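**Q** Quick one: this structure, given as structure tokens, is what I'll be asking you about.
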Amino acid sequence: QIFNQHNATAPNLEQAFHRMAQMEPNLDHDVSWFLLPSYWAKMVVALISFLCFANSYDGDFVFDDSEAIINNKDLRAETPLGDLWYHDFWGSKLSSNTSHKSYRPLTVLTFRINYLFAGGFYPVGFHVINIILHCAISVLMVDVFSILLGGLQFSNKGRRLNLAPKSSLLAALLFAVHPVHTECVAGIVGRADLLCALFFLLSFLGYCKAFRENKEGHTFSVFWVLVSVVLGAIAMLCKEQGITILGLNAVFDALVINKINLLELIRKLLYKDKALENAGLFRKGLLFRITLLMCGGASILYIRWRIMGTGPPAFTEVDNPASFADSLFVRAINYNYYYSLNAWLLLCPWWLCFDWSMGCIPLIKSVSDWRIIALAALWFCLIGLICQALCSEDSHKRRILTLGLGFLIIPFLPASNLFFRVGFVVAERVIYLPSIGYCILFTYGFSLLSKQAKKKKILAVAVLGILLINVMRCALRSSQWRSEEQLFRSALSVCPLNAKVHYNVGKNLADKGNQSAAIKYYREAVRLNPKYVHAMNNLGNILKERNELHEAEELLSLAVQIQPDFAAAWMNLGIVQNSLRRFEEAEQSYWTAIKHRKKYPDCYYNLGRLYADLNRHIDALNAWRNATVLKPEHSLAWNNMIILLDNTGNLAQAEAVGREALELIPNDHSLMFSLANVLGKSQKYKESEALFLKAIKANPNAASYHGNLAVLYHRWGNLDLAKKHYEVSLKLDPMAPGTKENYNLLRRKLEQLQKKGG
């Protein structure tokens, strides 16, 4: 009976504790919004966040996905797992001068798991994981916002109380449906930001758990503080921004746990007040916890520095032009303008673009530029918010504004250019975490308006309308991220001055075979950025294929003049010079390309073709052999070796090379065809026939395959089969060289045999 009485009174104690906690100022008193139980609130947030991005699940690999996933050898099983810890996000060695130093091994590991489970590069699995991650993060936001907006309180049973259920639901919905998150969710490389955010939030929630009073009555748990540090380290191994959670945990500790008044603390520090202890700085445990956070952060950064090396990442002026400006004034004013653009994307995420570099945002070089207004507006708002966060007499207001500004600014610092140069101008993905601060400030502003408004329902309907518009914008933007064509074309109206946008539209058109349209966009890219060597190279390639060799040579020569170590442009220049029969210059261009890129199998292949044209057969064979050593699956190089040896009468050597090639590339029908020709000439008819038939099965519409098999049967004496395959060959290609003559010879022979038989 005593046991039952204890259980009966427990809920009353918990309710009393809840009432005591609610005596503090609370946003929910003023917010006119839906009140749902915690479970249902999380279900609603998960469902709406899923609906926003669900249509991206069957999208392609787009933009940076090609380099980070398709061309990244770290995803393949043959690459040792240990290599992930010494390579950057794109699969390059961190020690390389060309590495971007983006160290995200855990993100790459998830890509590798995706690849292994899917059995190849199938984008659906990659997209589904991204959508699930965003849904999970949005659900966690309900708990995070309940702490940031309502404070940290526990019941007598140690259960955390949600003191702001309405406000936390609204803020979580704002986060879940923000269109600026589309790049992170619909773009597969955005996985880095999603994983970082997941462990970032878990680190914060773990730190909050440290203050749940344990059975021994201790005021905080060292274990959970250390868990928070470890989770922060994991967040950083997913993306660099993750380390900032340790700073935010310290800010949260000072403001929420120790209730420090920053302005009062600053005053006492300035005047060396003896009552400094009363300000909360030396309260039991605070300095110890901050020391743990600082030591953990310093250790993580040191380990990363040792792995990464001391060299800074290599970026070019087109990636971030402001960072290359000679004038400190120009750098400072443009950095601040970039900050204002990021703030605008949070406030009005309508104009979104996959890339904001390369002329999209022209530099501000004078105070007479009207865009200075954006800087003034940004700092007017920030200074106003900072003054309120420091000087307000309302401690609740001070706490929320400071936390909102902290979550807005601190996670953005690694992308701010303040500590090191970054490789972009504006990037929507880097404001995934700072948007937490925006949602806090928006929700607090809504509560203030609700407090003053007489018709609160109209205000609630307006916010509901904003959420609905954002959901539709997310769905539209997600559909644009489903294919490169839609993504690149969507950017033309947002950043018409961005040479990279025109380049990517042109590249997409060229890949689809629309060369005429591609040329137009490549020319515009070069016009917008006369030093855009990649656009020159691709345009030169198309002009080369269209036999416009002189203009192609001009473009490629200019490209290598601008960037002397551009190996691909040197190789393409060599191909053009070879076509113009300027063989010595072509040879020099090929060797220059190889000098700048030691392992360049395609260049060795083209060098071999040059030597073959000059009848330098030994040199040609050596060049093609180098190509196959560097790239064993280089089918064209193997084929050319077999054909050259065959044509020069070295049948035994040609056969040996052909067999070696088929061992490495067993399903290549062109190799089967070439080796079958050699075996036929060596009178190994049965083996030759088997290879011809296998090649035809793989590629039944190749007229030459049927024609050469017919020749084999003709030599072999199987005249009926020879006649059959001659006819198939002529049906597929009536103009096939030599086939018609051979067929006529066979028919005459068959007629003669019939006459003799008659």
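The values are calculated or read from the model by the stated rules, or taken from the named source; none is laboratory data. Because the structure is predicted, anything quoted here is derived from the model rather than measured. Cβ sites come from the backbone with ideal geometry, for glycine too, and all protein chains shown count toward neighbours. Calculation scope for accessible area: heavy atoms of the full protein, side chains included, ligands and nucleic acids excluded. Shrake-Rupley method; radii C 1.70, N 1.55, O 1.52, S 1.80 Å.
**Q** Please determine, by comparing only the residues of the stretch 657-672 that are farther than 24 Å from Arg616 by Cα and of a type in the set (A, V, I, L, M), which one is surrounded by the fewest Cβ atoms within 10 Å (Cβ to Cβ).
**A** Leu664
**Q** Step by step: first the residues of the stretch 517-537, then only those that are touching a Gly at 6+ places or on another chain (Cβ under 7 Å) and within 12 Å of Val505 (Cα to Cα), then the one that is surrounded by the fewest Cβ atoms within 10 Å (Cβ to Cβ). Which residue is that?
**A** Looking at residues that are touching a Gly at 6+ places or on another chain (Cβ under 7 Å) and within 12 Å of Val505 (Cα to Cα), I get Ala518.
**Q** For the stretch 243-268, enumerate the residues that are within 13 Å of Leu152 (Cα to Cα), touching a residue at least 40 places away in the same chain (Cβ under 8 Å) and assigned to a loop (DSSP other than H, G, I, E, B).
**A** Lys259
**Q** Okay, next question. For the condition closer than 27 Å to Pro349 by Cβ, free of Cβ contacts under 8 Å to residues at least 60 places away in the same chain and open to solvent by 30 Å² or more (accessible area, probe 1.4 Å), what is the one hit in Glu485, Glu548?
**A** Glu485 is the lone residue from the list that is closer than 27 Å to Pro349 by Cβ, free of Cβ contacts under 8 Å to residues at least 60 places away in the same chain and open to solvent by 30 Å² or more (accessible area, probe 1.4 Å).
**Q** Another one. Going by the structure shown, is Gly445 out of contact with any Lys or Arg (no Cβ under 7 Å at 6 or more places or on another chain) and either of a type in the set (S, T, N, Q) or buried (at least 23 other Cβ atoms within 10 Å of the Cβ) (or both)?
**A** No: the conditions fail for Gly445.
**Q** Please go through the stretch 633-672 and pick out each residue that is of a type in the set (D, E, K, R) and under 44 Å from the mean Cα position of the chain (by Cα).
**A** Glu633, Arg659, Glu660, Glu663, Asp668
**Q** May I pose another question? Would you pick out the residues in the stretch 151-171 that are buried (at least 21 other Cβ atoms within 10 Å of the Cβ) and either within 14 Å of Leu205 (Cβ to Cβ) or free of Cβ contacts under 8 Å to residues at least 60 places away in the same chain (or both)?
**A** Asn162, Ser168
**Q** Within the bounds of the stretch 94-104, is there any residue that is out of contact with any Gly (no Cβ under 6 Å at 6 or more places or on another chain), of a type in the set (Val, Ile, Thr), closer than 22 Å to Arg482 by Cα and surrounded by fewer than 19 Cβ atoms within 10 Å (Cβ to Cβ)?
**A** no
**Q** Among the residues of the stretch 634-656, which ones are in a helix (DSSP H, G or I) and open to solvent by 30 Å² or more (accessible area, probe 1.4 Å)?
**A** Passing the criteria: Leu636, Asn640, Ile643, Asn647, Leu651, Ala652, Gln653, Ala656.
**Q** Report the residue count in the stretch 474-505 for those that are within 18 Å of the chain's Cα centre (by Cα) and assigned to a loop (DSSP other than H, G, I, E, B).
**A** Total satisfying the criteria: 3.
**Q** Please name all residue pairs, on different chains or six or more residues apart, with Cβ atoms under 8 Å, provided the first residue is in the stretch 38-50 and is at negative phi and at pLDDT below 95 and the second residue is buried (at least 18 other Cβ atoms within 10 Å of the Cβ) and not in a helix (DSSP H, G or I).
**A** The qualifying pairs are Ser38/Asn162.
**Q** Test Leu345 against the stated conditions and say whether it is open to solvent by less than 50 Å² (accessible area, probe 1.4 Å) and part of a helix (DSSP H, G or I).
**A** Spelling it out, Leu345 is indeed open to solvent by less than 50 Å² (accessible area, probe 1.4 Å) and part of a helix (DSSP H, G or I).
**Q** Give the number of residues within the stretch 557-592 that are within 18 Å of Tyr605 (Cβ to Cβ) and hydrophobic (A, V, I, L, M, F, W, C).
**A** 11
**Q** Please go through the stretch 322-342 and pick out each residue that is part of a loop (DSSP other than H, G, I, E, B) and over 20 Å from Leu528 (Cα atoms).
**A** Correct list: Asp326, Ser327.
**Q** Kindly indicate whether any position in the stretch 397-406 is in contact (Cβ under 8 Å) with a residue 40 or more places away in the chain, within 26 Å of Glu264 (Cβ to Cβ), within 23 Å of the chain's Cα centre (by Cα) and assigned to a helix (DSSP H, G or I).
**A** no
**Q** Please find, among Ile364, Ile383, the residue that is in a helix (DSSP H, G or I) and of a type in the set (Val, Ile, Thr).
**A** Within the list Ile364, Ile383, the selection yields Ile383.
**Q** Go over the candidates Phe199, Phe175 one by one and state the one that is open to solvent by less than 10 Å² (accessible area, probe 1.4 Å) and assigned to a helix (DSSP H, G or I).
**A** Selected residue: Phe175, the only one of Phe199, Phe175 that is open to solvent by less than 10 Å² (accessible area, probe 1.4 Å) and assigned to a helix (DSSP H, G or I).
**Q** Any residue at all in the stretch 10-29 that's farther than 30 Å from Ile188 by Cβ, of a type in the set (Asp, Glu), at pLDDT below 75 and under 44 Å from the mean Cα position of the chain (by Cα)?
**A** yes
**Q** Still on this structure, I have one more. Farther than 21 Å from Leu341 by Cβ, touching a residue at least 60 places away in the same chain (Cβ under 8 Å) and surrounded by fewer than 18 Cβ atoms within 10 Å (Cβ to Cβ), is that true of Ser450?
**A** no
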